Amino acid sequence: MPGKNQQIQRHIEQGRTIQPDGYVHGVIVGCQHKNGRWLLIRRSQTVAAPLKVCFPGGGVDANETQSEAAIREMQEEVGAIVKPLDCVWRFNWTENALVLWGWHAKLLSSKVVANPEEVAEILWLTPDEIRSHPDTMPRTGVFLEALINR
């Protein structure tokens, strides 16, 4: 595993914003349908962790708040308008120079559409389906539990 400095250099090369604490900050967003299913995506083949299943999200840009990033990322990835409600989870991935913030948000759009550059498939999954899905990204289940227990 590359060291933190190598990870930071890789983030810079990929155009990601390094925050003042020396880490890339990212948000993931949990939106629940009234039927109890959660909105997840299968990542496209052209992004990091291709074809993995996860909650939508992405990097926090310079001079952008987490809630602004959540709104922007949901629009970019699935064409959705959301209202961020609260941050329910944080994961500090030291060896990858990354801090992830998990947000609960209300989905205001009636329709979601995958941006094929970033998303191969939109999935509406039950908590049990999320927990047992063979393609979920690491820590997806931990964020799910934070959403459920908020």
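Please treat every number below as a calculation from the coordinates, not as lab data. On a predicted model such as this, the values are computed, not experimentally measured, just so you know. Cβ placement follows ideal geometry from the backbone for every residue including glycine, while neighbour counts extend to all protein chains displayed.
Structural size metrics of the chain, computed from C-alpha coordinates, are Rg and Dmax of 14.7, 44 Å.
Each of Leu147, Leu123 has some number of other Cβ atoms within 10 Å of its Cβ, and from fewest to most they run Leu123, Leu147. This ranking places Cys54, Cys87, Cys31 by how few other beta-carbon atoms lie within 10 Å of each, fewest first, which gives Cys87, Cys54, Cys31. The ranking of Phe91, Phe143 by Cβ neighbour count inside 10 Å, starting from the fewest, reads Phe91, Phe143. Under a 10 Å cutoff between Cα atoms, tell me which one of Arg42, Arg90, Arg139 has the largest fluctuation in the Gaussian network model of the chain. Result: Arg139 has the largest fluctuation of those listed. Under the classification rounded if a/c is under 1.5, otherwise prolate if a/b is larger than b/c and oblate if not, where does segment 73-150 fall, given a ≥ b ≥ c as square roots of the Cα gyration tensor eigenvalues? Cα axes put segment 73-150 in the rounded bin. Residue separation of Arg131 and Glu64 scaled by 0.36 nm, minus their Cα-Cα distance, works out to 21.0 nm of gained length. Based on the reciprocal of the average 1/r between different C-alpha atoms, the Kirkwood radius for segment 38-104 equals 12.9 Å.
Need one word for segment 11-62: rounded, prolate or oblate. Basis is the Cα gyration tensor (sqrt eigenvalues a ≥ b ≥ c); a/c below 1.5 gives rounded, then a/b vs b/c decides. Verdict is oblate for segment 11-62. For the chain, a Gaussian network of Cα nodes joined below 10 Å ranks Thr46, Thr136, Thr17 by mean-square fluctuation, and the top entry is Thr46.
Looking at the chain, the DSSP beta bridges with both ends there are about 75 percent antiparallel. Length gained on full extension, Ile18 to Leu51: 9.3 nm, using 0.36 nm per residue less the C-alpha separation.
Full extension of the chain between Val142 and Glu117 gives 6.3 nm of extra length, using 0.36 nm per residue less the Cα-Cα distance.
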